[in-house]
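Take a look at the structure set out below.
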Amino acid sequence: MRKLKTRIAEVLAAVLAAFAVYIAGFGIFDTIIVFGGVALAGVVIAILLLDSGEREVVDAPVGSAPVRTASSFVSVAHFILLAVFAFLVLRWMGIMLEQEEFFVDISRTDLMASWIAFAIIGYLTWRLFGVPMAIVFFGMLLYAVLPDGLGGADLDWSSVADRQWFTTDGVFGRPLQVVATTVLIFIVYGAVLQASGAGDVLLKIAFAATGRFAGGPAHAAIVGSAMFGTMSGAAIANVVSTGIFTIPIIKRAGFKAKFAGAVEAAASTGGQIMPPVMGVVAFIMADVTGIPYLKIVVAALIPAILYYASLFIVVLIESRKQGIGATPPEKRETLTRQDWIASLAFWIPLGVIIAVLLTGRTPQNAGFYALCVASVLCLILFPRFRHPSAWWQALVSAGKTGANLMIIVTSVGVVIGIVNMSGIGLEFADAIRAASGGSLFIALILVMAGCIVMGMGVPSVTAYLILALVMGPALEGLGISKIAAHMFMLYFGVLSVITPPVALAAFAAAPIAGAKPMETGVEAVRLAIAGFIIPFIFVYHPDILIIDGFTVTGLIWSLACFMLATWMIGTALAGFDKSRLPLWESAVRLAAAVAVLTPDILSSLAGGALAVLLVVLHYIRSRSVEALPETTTQGRKT
């Protein structure tokens, strides 16, 4: 029976993936049937996999129920949930299709039944995504109906049911619609690349490109995760898929276990901010903000490069500190002509995505054509992909991931719908302004903390959607441009997956590395410290986003300030530059970095001068120390 349930779930997952391909290529034939169908498919697949003892991880479910083979009682309960939800969705379809022709008065029974649907969605949210997201979901429902005297929104339960179930503003709202029409096709595209073996080629290229640098394997993890992570919709999936190869090699190079896990976690997390796909967040941001996709990608490019450049710097400093050199020439990867040809299965489809978008076509069209090109190239370049089982594996994997995304976006749709109904986002913005006392910096710190807390335990796409609704008004109310505000929220929502105490990506990397999860999380924050700085650059040095009105001089100044400050912070936190740093010098370096990053030009210049002076004096002192043993030895010989 267990195998039968798994087989049925796999068939439905493959159908869902194939349906996503059809929608991306040929459009939506009926919005009610499509959105209701994908929501129902997601719930059915998720319940069948839970009942068979499987769970596809989208973004590590911390606090979720443990996976175990279901008892007969639980199996019956799951079957009842499945049947009830199917009936409710079919009922929703019928009512919505009737409303397209004439007005339909929704009965009290239907409104009450919709709360059963909310309960089923909440249960699956807990099982698949853990306690934090379940608390957010049920907490928002409770907030909606609680009286004003108890701190609630005092909304009528029937109006909540009407808006969140019998419209396209809640369960079947924009999050589900964007995932169904745009995100799923890119999940299928990523699954094809992974099933074919293109991902292995990318890792090989990464190791070959970085072998000559000190700490080469760690640099390879950064490059490989950046390339693979931009196509992946989940930092955890990226950690698991690439980390099993990179983390052991990093450890063999001489790095500590917690450092190896932290490198992979920080690098995989950065894939969510790396254009052109940005873990599919780019398309959702374009839909939420109304800003053209290409403008978002251009704005995100330089900050993403800076994030990965900062990881390279931190790894270089750590390599010096540990005395780890480059990979020996005989152990380095050597790329053959066949490897370069095979990599075209990754590069050409990316070019197709950009080319199609430049013609003005939709992102889902770009994903469809990229998938077609990638499939043909993978068939030609990777013999194992010519076997039907590889195609089946890609469809099933994409369908399972898509099904889990359907669960989370239905719950997020309700959260967003209640935020819109209650106006809590505007209230939060007023609270931020009041607490900050008019200080932009304090307001940004408060928003940063809110983004990290609200993003914990939640997939990046979901975190951004929630933050955009709750935090967006607060940031835009501070006079920050829309694109800078949304990039600010995106960065901290993404970085929440490596921020303790719920550091999802670090917790996924720790078992692979054989390290303690919390220590790995703290180390990942240290490595990715630049990621916590970059969002403030968006605000104080907006030229880095290359948005309207930017100047080349301003861009160069922003880059210089960031790189200098990153080196100061990286060396200060490591306590090492050319040689070990005394504690006082680490503290002064941190102070100099803060001064460099301030918007005041005089403070930046003073901080920059102090930073350069510290580096010069340190290198002079280090050379003197290095020369001492040589002089002493020569004296002894004499």
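The values are calculated or read from the model by the stated rules, or taken from the named source; none is laboratory data. Bear in mind the structure is a predicted one, so any value in this text is a computation, not a measurement. So basically every Cβ, Gly included, is an ideal-geometry build from the backbone, and we count neighbours across all protein chains shown. Quick note on the areas: whole protein, heavy atoms, side chains included, nothing else; ligands and nucleic acids left out. Shrake-Rupley method; radii C 1.70, N 1.55, O 1.52, S 1.80 Å.
Annotations
- Peptides 318-327, 575-584, ordered by how many other C-beta atoms sit within 10 Å of their residues on average, highest first, read 318-327, 575-584.
- Pairwise alpha-carbon distances in segment 123-184 exceed 14 Å for 67% of all pairs.
- Ranked by how many other beta carbons lie within 10 Å on average, peptides 287-300, 402-415, 120-133 from highest: 402-415, 120-133, 287-300
- Entry comment: accessible area of segment 238-321 is 27 Å² per residue, from protein heavy atoms only and a probe of 1.4 Å.
- Convex hull (Cα only) mean projected area of segment 510-634, reported in nm² to one decimal: 11.3 nm²
- Solvent-accessible heavy-atom area per residue, rounded to whole Å², over segment 519-617 at 1.4 Å: 42 Å²
- Rg/Rh for segment 337-396 stands at 1.04; both radii use Cα atoms, and Rh follows the Kirkwood definition.
- Rg over Rh for segment 1-53 works out to 1.06, using Cα positions for both radii and the Kirkwood form for Rh.
- The residue list PHE186, ILE121, PHE137 was ranked by how far each Cα lies along the charge dipole of segment 105-212 toward its positive end, using unit charges on Cβ atoms, and PHE186 comes out on top.
- Positive dipole terminus of the chain, leading residue within TRP340, ALA24, PRO599 (C-beta point charges): TRP340
- Taking a straight line from the alpha carbon of LYS204, these lysines sit under 22 Å away, with near neighbours fewer than eight places off in the same chain left out: LYS251, LYS331.
- Two numbers describe the Cα atoms of segment 65-178: Rg and Dmax, which are 15.8, 48 Å.
- Computed [θ] at 222 nm, deg cm²/dmol, the chain (DSSP H ≥ 4; -39,500 (n - 2.57); rounded to nearest 500): -25000 deg cm²/dmol
- Solvent-accessible surface of segment 114-237, averaged per residue with a 1.4 angstrom probe and all protein chains in place: 28 square angstrom.
- Relative to the longest principal axis of the Cα atoms of the chain, the long axis of helix 424-436 makes an angle of roughly 30 degrees.
- All alpha carbon pair distances within segment 183-222 were sorted into 10 Å bins beginning at 0; the resulting P(r) in whole percents reads 31, 34, 27, 9.
- Sulfur and carbon atoms: percent of accessible area, segment 332-400 [1.4 Å]: 68 percent
- Angle in degrees between helix 216-229 and the longest Cα principal axis of the chain, rounded to the nearest 10: 30 degrees
- Linear extension gain, VAL15 paired with ILE546, 0.36 nm per residue minus alpha-carbon span: 187.0 nm
- Candidate lysines - alpha carbon under 17 Å from LYS5, same-chain residues fewer than 8 apart omitted: LYS400
- The magnitude of the dipole of segment 299-451, with charges of +1 and -1 set on the Cβ of Lys/Arg and Asp/Glu and taken from the Cα centre, is near 440 debye.
- The mean of 1/r over all distinct Cα pairs in segment 386-517, once inverted, gives the Kirkwood hydrodynamic radius of 16.6 Å.
- Nearest-20 debye value, the chain charge dipole, Cβ charges on Lys, Arg, Asp, Glu: 2680 debye
- Using only side-chain charges placed at the Cβ, +1 for Lys and Arg and -1 for Asp and Glu, the dipole size of segment 177-298 relative to its Cα centre rounds to 460 debye.
- Summing charges over all other residues whose Cβ lies under 13 Å from the Cβ of GLY224, with Lys and Arg as +1 and Asp and Glu as -1, gives -2.
- The chain: radius of gyration over Cα atoms, expressed as a fraction of 2.2 N^0.38 Å: 1.01
- The per residue volume of the convex hull around the alpha-carbon atoms of segment 268-402 is 163 Å³.
- Principal semi-axes of the equivalent ellipsoid, √(5λ) from the alpha carbon gyration tensor of segment 481-582, are 29, 20, 8 Å from largest down.
- Average silhouette area of segment 164-262, convex hull of alpha-carbon atoms, in square nanometres: 7.8 nm²
- Stretching the chain fully between VAL145 and SER439 yields a gain of 102.4 nm (0.36 nm per residue, less the alpha carbon separation).
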